[in-house]
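First up is the structure itself, then whatever we jot down about it.
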Amino acid sequence: MIYLFCLLVLTQKLYLYKCVGGERRRGVISRGDRVISILRSLTLDGMGNLRVTKKGIRLEGVSEFLLPLYVKEIHSRKDSPLVLQSDRNVTVNARNNMGQLTGQLTVGADAVEAQCKRFEVRANEGGKLLFSADEDEIIIGADRLKVTGTEGAVFGHSVETPHIRAEPSQDLKLESPTRSLIMEAPRGVQVSAAAGDLKATCRKELHLQSTEGEIFLNADTIRLGNLPMGSFSSSSPSSSAPRQTIYEVCVCPSGKLYLSPAGAGSTCQSSSNICLWS
């Protein structure tokens with residue numbers, strides 16, 4: 001660095017000897033004054049805010065570069081952050097030995113864009129992969145993926161996951177507003193509510209189908225609400241007859257269930273006229 005400044009001073013002196021004339025000489029003297037000003041700020045360690053150390057060049061304060069800067073590494077002071085500032089955007093390019101662009105990071109006013117073959121985010125401790133993206137797939141390696149938006153997460157195609165869980169004391173809702181919601185697994189689908197109710201509601205029909213096995217209902221109490229009541233013609237009951245409180249569950253050939261007033265024997269056959277409209 002010092003040799004460059006010495007060469008500059010020598011060039012200015014040769015230029016001074018070659019110049020003659022008033023206006024020309026004044027311009028040379030002005031340029032020579034600038035050289036003298038530079039020499040005054042020049043020391044063995046550098047010039048002004050510029051310091052030459054064993055590890056490289058050190059700049060103190062704010063530095064402005066009007067042309068491209070080519071360096072191997074840029075470090076800030078241990079107690080200060082590194083700030084890169086531009087009136088438009090800040091672009092960091094990576095090139096190979098052929099000069100071809102292999103990666104680019106652009107921080108603009110509207111977006112932060114990264115162009116590369118593979119984008120990775122790793123943890124500070126241990127270097128664990130937290131996020132990775134390329135043309136084929138996106139990998140999220142964090143222990144938990146949390147979506148805090150009010151609309152939840154929207155997936156345009158299928159989702160494969162071993163476990164879907166809501167936050168503690170929060171409800172889990174899987175919804176398809178305009179189409180079907182399908183859950184498939186070759187070895188079974190298990191839905192459980194350890195401390196609450198499990199409800200399945202629909203507008204039309206609810207199908208429970210087992211192609212090779214059976215449908216097993218195991219509970220202390222099984223209730224079938226709003227079953228239709230079968231009717232049959234019989235002698236009009238007297239006003240003193242007791243109120244009917246026990247009914248028989250009957251099944252039509254189509255599988256439809258209905259109730260029939262219980263008697264000494266089965267009354268399903270006598271009230272089976274409801275099966276005609278099933």
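Structure data summary
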{"read-out": "Theoretical gain in end-to-end length, Thr245 to Thr221 [0.36 nm per residue, Cα-Cα removed]", "value": "6.9 nm"}
{"read-out": "Theoretical gain in end-to-end length, Leu50 to Leu198 [0.36 nm per residue, Cα-Cα removed]", "value": "46.1 nm"}
{"read-out": "Order by protection proxy (mean Cβ within 10 Å, highest first), peptides 216-224, 90-98, 59-67", "value": "90-98, 59-67, 216-224"}
{"read-out": "Segment Leu206-Lys256, extension gain: residue separation times 0.36 nm, minus the distance between their alpha carbons", "value": "16.7 nm"}
{"read-out": "Restraint check, Lys72/Lys128; Lys78/Lys146; Lys173/Lys204, Cα-Cα greater than 28 Å", "value": "Lys78/Lys146"}
{"read-out": "Unit charges at the beta carbon, dipole of segment 100-214: most positive-side option, Val189, Gln100, Pro168", "value": "Pro168"}
{"read-out": "For a label point 7 Å along the Cα-to-beta-carbon line of Arg187, residues of segment 139-170 with backbone N under 14 Å", "value": "162-163"}
{"read-out": "Met183, Met229, ranked by accessible area, largest first (probe 1.4 Å)", "value": "Met183, Met229"}
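The values are calculated or read from the model by the stated rules, or taken from the named source; none is laboratory data. Fair warning: this is a prediction, and the values are worked out from it, not measured in the lab. Every residue, glycine as well, gets a Cβ built from its backbone with ideal geometry; the counts of neighbours run over all protein chains shown. Surface areas here come from the heavy atoms of the whole protein model, side chains and all, with no ligands, DNA or RNA. Shrake-Rupley method; radii C 1.70, N 1.55, O 1.52, S 1.80 Å.
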